[in-house]
Amino acid sequence: MRGSPHYHNHNNNNSLQYHQYHHGCGGGSGSGVGRRGRPKNGWPEVAVAVYVSVAVAVTVCYWNGLCGDFVHDDIPAVAMNADVLGTGPLFRVATNDFWGTPLSDPNSHKSYRPLTTLTFRCAPS
């Protein structure tokens, strides 16, 4: 059980081998692998496999959306927004809402997302 105390006899000749095998320390075996198959410098192989599998699954799931058209509110928020298109001055990104309406305007949605707007502005069209 993890975290529970464990006792073993270190008086026999096999104690160093037992300790190296079960605790992944010392000995200079040269394998470069410690406890539970974890490389001494780096990530466990299982973690790398999990992260690569997740990245592949996400890419496969969203691949068909990369070349899609704008839908719903994308047209006013992105395709017709002067802040995104770069037709307005850059400082307006800080004074306009996400939709390109000045925050001081009573009709403003007040959704302030300047980093998102700048990201859209910098993206190639």
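Those helices (runs of 4 or more DSSP H) of the range 1-116 in which 1 or more residues are open to solvent by 80 Å² or more (accessible area, probe 1.4 Å), touching a helix residue (DSSP H, G or I) at 6+ places or on another chain (Cβ under 9 Å) and at pLDDT 55 or above occupy 45-62, 82-85, 92-95. Listed by first and then second residue, the pairs linking a residue in the range 42-70 that is under 30 Å from Pro124 (Cβ atoms) to a residue that is assigned to a loop (DSSP other than H, G, I, E, B) and open to solvent by 70 Å² or more (accessible area, probe 1.4 Å), with Cβ atoms under 9 Å apart and 6 or more places separating them unless they lie on different chains, are Tyr51/Trp43.
The values are calculated or read from the model by the stated rules, or taken from the named source; none is laboratory data. Owing to the predicted nature of the structure, the values given are computational and were not obtained by experimental measurement. FYI the Cβ positions are ideal-geometry reconstructions off the backbone, even for glycines, and counts take in every protein chain you see. Accessible surface is based on the protein model in full, side chains and every heavy atom, while ligands, DNA and RNA are left aside. Shrake-Rupley method; radii C 1.70, N 1.55, O 1.52, S 1.80 Å.
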